[in-house]
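Trainee: To start, I am sharing the structure in question, which I have written as structure tokens.
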Amino acid sequence: VAPDGSGWVAVRCFEDRQDKRLRWAHTAPWHVDVPGKPLRPRRVEAEFLVKRVEEEIARSAAVLPKEALQEYEEALQYYKARLANAR
């Protein structure tokens, strides 16, 4: 594999068995960092995550302590920054 940008890869394998049951395996992800080519999520993915965190903040604002809400705010800023560089 010669990646042209940063991201992750995983290996999956499947085996068809005589008893018609499917056997499969999946590795953990291998993260690949290509210098000068940072991970760039698709715009639709970044927009989805921004929206979900905003919804969660609105839903949880009245019941969570400020420390927990701060974690959501940090996540929101992180995803908004990814949105700025999305493809």
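The values are calculated or read from the model by the stated rules, or taken from the named source; none is laboratory data. Keep in mind it's a predicted model, so treat the numbers as computed, not measured. Because the Cβ atoms are built from the backbone with ideal geometry, glycine has one as well, and the counts that use them run over all protein chains shown. Ligands, DNA and RNA are stripped out before the accessible areas are found, and what is left, the full protein with its side chains, is counted by its heavy atoms. Shrake-Rupley method; radii C 1.70, N 1.55, O 1.52, S 1.80 Å.
Trainee: In debye, nearest 20: dipole of the chain around its Cα centre with unit charges on the Cβ of K, R (+) and D, E (-)? All intermediate terms of the calculation are to be shown ahead of the outcome.
Mentor: On the way: 16 positive and 14 negative charges, 81 e Å.
Roughly 380 debye for the chain.
Trainee: To the nearest 10 degrees, how steeply does helix 43-60 sit against the main Cα axis of the chain, on a 0 to 90 scale?
Mentor: So the helix axis and the longest Cα principal axis differ by about 50 degrees.
Trainee: Show which aspartates and glutamates lie in cross-link reach of Lys51 when reach means a straight Cα distance below 20 angstrom and same-chain residues fewer than eight apart are skipped.
Mentor: Glu71, Glu73, Glu74
Trainee: Stretched out fully, how many nm does the piece from Ala86 to Trp30 gain, at 0.36 nm a residue minus the Cα gap? Please report the intermediate quantities before stating the final value.
Mentor: Values: separation 56, 0.36 × 56 = 20.16 nm, distance 2.14 nm.
Here the segment from Ala86 to Trp30 would lengthen by 18.0 nm.
Trainee: Which shape class applies to the stretch 10-49: rounded if a/c is under 1.5, otherwise prolate when a/b exceeds b/c and oblate if not, where a ≥ b ≥ c are the square roots of the Cα gyration tensor eigenvalues? The partial results should precede the final answer.
Mentor: Numbers: a/c = 5.18, a/b = 2.15, b/c = 2.41.
Oblate, since a/c reaches 1.5 and b/c is not below a/b.
Trainee: Taking all protein chains in place and a 1.4 Å probe, what share, in percent, of the accessible surface of the chain do carbon and sulfur account for?
Mentor: Details: 4100 of 7440 Å².
Carbon with sulfur: 55 percent of the solvent-accessible area.
Trainee: Given a cut-off of under 8 Å on Cα pairs at least six residues apart, what relative contact order in percent is computed for the chain? Please list the in-between numbers first.
Mentor: Details: 89 pairs, mean separation 25.1, N = 87.
Answer for the chain is 29 percent.
Trainee: Also, I was wondering about something else. P(r) for the chain, please, calculated from all Cα pair distances in 5 Å bins and given in %.
Mentor: So the P(r) values, bin by bin, are 3, 12, 14, 13, 13, 13, 11, 10, 7, 4, 1, 0.
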